[in-house]
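Encoded as structure tokens, the structure appears first; notes follow it.
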Amino acid sequence: MKIFKTVVMLVVVIAISAFTLNTSKGYKVGDTASDFKLKNIDDTMVSLADFKEAKGFIVVFTCNMCPYSVANEDRLIALDKKYKQKGYPVIAINPNDPKVSKGDSFAGMKTRAKEKGFTFPYLFDEGQKVYPMYGATKTPHVYILNKDNNKLVVEYIGAIDDSSRDENSVSERFVEDAVEALIKGEKPKKNNTRAIGCSIKDKRNWK
């Protein structure tokens, strides 16, 4: 009986964690985001400034191991293929500490990207310096940036769509709607949604 109660409590904690709103001190919609330089899976260093022709970016914090992230990989590939040529490429960042999440090593990132055929950069937040700056709390967690007078303005924060696990159940595509609005020169009608996923694994918080 005690084991059953423990399992139930663990499931409840995971569920609450997955659906928690972002209450961090990171970026809010309307803020100007700073650039970064992180190692890509091809061992090159990548920054947003490298994308001279980009009009903005779909920055997503994701990882190898979280089932929510895995469930959204095909959606990220589709987003990149659809919007990269329109000026809004996907930039994926793994924020997890591999010492806490064993499957999220840089080598593991290379393997996962090759298996799935990622069409976008998959960057490693070594030292976990970038994700706190953005205020990401989940994997996946999306930030849409728009270039405005040489500034990177945060225009959307949250989930990819309204179905975190089952793509066939999607009825509202938050990221697509936001990017389409920006392409038209408009502001997204919905610019902040609940990020649903696994908590970012940071040894500073997982002692």
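The values are calculated or read from the model by the stated rules, or taken from the named source; none is laboratory data. What you are looking at is a predicted structure, and each value in this text was computed from that prediction instead of being measured. Counting neighbours? That spans all protein chains shown, and the Cβs are built from the backbone with ideal geometry, glycine included. Ligands, DNA and RNA are stripped out before the accessible areas are found, and what is left, the full protein with its side chains, is counted by its heavy atoms. Shrake-Rupley method; radii C 1.70, N 1.55, O 1.52, S 1.80 Å.
Where does the chain land at 222 nm, in deg cm²/dmol rounded to the nearest 500, when only DSSP H runs of n ≥ 4 count, each adding -39500 (n - 2.57), divided by all residues?
Value at 222 nm, helices only, nearest 500: -9000 deg cm²/dmol.
Placing unit charges on C-beta atoms (Lys and Arg positive, Asp and Glu negative, everything else neutral), compute the dipole magnitude of the chain about its Cα centre in debye, rounded to 20.
Magnitude of the dipole: close to 580 debye.
With a 1.4 Å probe and all protein chains kept in place, how much accessible area does ILE160 have, in Å² rounded to the nearest 10?
10
No partner Cβ under 4.7 angstrom, meaning no disulfide-compatible partner by this rule: which Cys of the chain qualify?
Cysteines of the chain left without a disulfide-compatible partner: CYS63.
Mind giving me the FRET efficiency for LYS86 and LYS203? R0 is 45 Å, r the Cβ-Cβ distance, nearest 0.05 is fine.
FRET efficiency, LYS86 to LYS203: 0.70.
Tabulate in residue order the Karplus-calculated ³J(HN,Hα) for the range 132-144, using 6.51 cos²θ - 1.76 cosθ + 1.60 with θ = phi - 60°, rounded to whole Hz; enter x for Gly and Pro.
With coefficients 6.51, -1.76 and 1.60, one gets x, 4, 6, x, 5, 10, 10, 10, x, 9, 9, 10, 9 Hz.
Could you work out which residue, out of ASN150, ASN191, ASN96, moves most in a Gaussian network model of the chain, that is, has the largest mean-square fluctuation with Cα springs under 10 Å?
So, out of ASN150, ASN191, ASN96, the one fluctuating most is ASN150.
Could you give the nm distance between label points at LYS129 and ILE77, where each point is 7 Å from its Cα heading toward the beta carbon?
Output for this residue pair reads 3.2 nm.
At a 1.4 Å probe, what is the % contribution of carbon and sulfur to the accessible area of the range 55-119?
With neighbouring chains kept in place, the figure for the range 55-119 is 55 percent.
For the range 91-164, what does the accessible surface come to per residue with a 1.4 Å probe? Please give it in Å².
So the range 91-164 comes to 37 Å² accessible per residue, rounded to a whole number.
Can you match Rg and Dmax of the Cα atoms in Å to one of these, (i) 22.6, 74; (ii) 16.7, 62; (iii) 16.6, 49, based on a calculation from the structure here?
For Rg and Dmax of the Cα atoms in Å, the calculated option is (ii).
Give, as a single signed number, the net charge of other residues whose beta carbon lies under 14 Å from the beta carbon of THR32, with Lys and Arg counted +1 and Asp and Glu -1.
It works out to a net charge of -1.
If amide H atoms are built 1.01 Å from N in the plane of the peptide, which residues on other chains or at least 5 residues away come under 5 Å of the amide H of ILE41?
Sorted by chain and number, the residues that satisfy this are TYR122.
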